[in-house]
Amino acid sequence: MRFFRPFRNQLAERGPLTRYALYALGEIVLLVIGILLALQIDNWNEKRKNAAMNRIMLQQLQEENRNNIAGLMEDKALQDTIVTTITDFMDFLRQDVVPLDSLQLRIYLASLANSTSYTFSENYLLSYINANQQEQTELSRQLSELHSNQTDLHYISEKGLENRLENFFQYLEETVDFYDLSITNYTIFSTLKFRNRIALIRALEVEKNRQYFRTLRQEQKVDSLISNYLGLGSPSPS
């Protein structure tokens, strides 16, 4: 190599042993430098590859999370009013008026007939959490909290649906035609037993409602964090 030509000329003036020893040392140094450069390039390539893969995972995760947000938002109008509606229904049932207003009663029955069990897509969420277990970033912490919130909401909504089936639909199946909400016997609605069943439904609905909004806020927070990581700076859906 031209770079080593001056050194070879200087070595030629020295003894054979010294000359070849120094030349060999130079070759070793060059080899080590070449290996270190190759390793550094490999590290850079690996980091770029990991960054690209991580970006793809984040994009997939954001799409999944936004679909979950959209699913919850479809039910937001109901969740904004359901607890108040059930509370009003309990007050309505305490009236001394006999018989109860049949039209208003059917309106309340229609409201209670609407119940949801929440499920979530979490494939990319769990994949990202598992792939980044060693890195305790703000995003990874918020994703773990989101997974916990979604699991809790799924559980409480399942319990609420089971309770609604037992204490509402099955209990009224011989009294109310849930196709058109026609009522064959109004007596059952004036009983303490029925009011207590509605009170139980309300208690579970309050907890489900609280968890619903906690989960929705966490999903929106995660969406905002992902946008920041991706450099989008877009606000989370509301």
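Quick note: the coordinates plus some simple rules give every number you see, no bench work behind them. Every value quoted in this text rests on a predicted model; they were computed, and no experiment measured them. Cβ placement follows ideal geometry from the backbone for every residue including glycine, while neighbour counts extend to all protein chains displayed.
Any residue in the stretch 55-75 that is of a type in the set (A, V, I, L, M, F, W, C), free of Cβ contacts under 8 Å to residues at least 12 places away in the same chain and over 30 Å from Phe194 (Cβ atoms)? Yes, that holds for at least one residue.
With respect to Glu174, determine if the residue is surrounded by fewer than 13 Cβ atoms within 10 Å (Cβ to Cβ) and either among the polar types (S, T, N, Q) or more than 30 Å from Leu125 (Cβ to Cβ) (or both). Yes: the conditions hold for Glu174.
Taking the criterion of being under 23 Å from Leu216 (Cα atoms), touching a residue at least 60 places away in the same chain (Cβ under 8 Å) and surrounded by 13 or more Cβ atoms within 10 Å (Cβ to Cβ), the residues of the stretch 131-171 that qualify are Leu139, Gln142, Leu143, Glu145, Leu146, Asn149, Gln150, Asp152, Leu153. One residue alone among Ser224, Ser157 is among the small types (Gly, Ala, Ser), touching a Lys or Arg at 6+ places or on another chain (Cβ under 7 Å) and assigned to a helix (DSSP H, G or I), and that residue is Ser157. When the stretch 91-133 is filtered for residues that are under 33 Å from the mean Cα position of the chain (by Cα), part of a loop (DSSP other than H, G, I, E, B) and either of a type in the set (Val, Ile, Thr) or under 30 Å from Tyr186 (Cβ atoms) (or both), the ones remaining, listed by number, are Ala113, Asn114, Ser115, Thr116, Thr119. The number of residues in the stretch 141-168 that are of a type in the set (Ser, Thr, Tyr) and touching a Ser or Thr at 6+ places or on another chain (Cβ under 9 Å) comes to 1. Does any residue of the stretch 178-186 turn out to be within 30 Å of Leu100 (Cα to Cα), in a helix (DSSP H, G or I) and among the small types (Gly, Ala, Ser)? No, there is no match, as no residue in the stretch 178-186 is within 30 Å of Leu100 (Cα to Cα), in a helix (DSSP H, G or I) and among the small types (Gly, Ala, Ser). Filtering Leu165, Leu139 for residues that are under 20 Å from Glu64 (Cβ atoms) and in a helix (DSSP H, G or I) leaves a single hit, Leu139.
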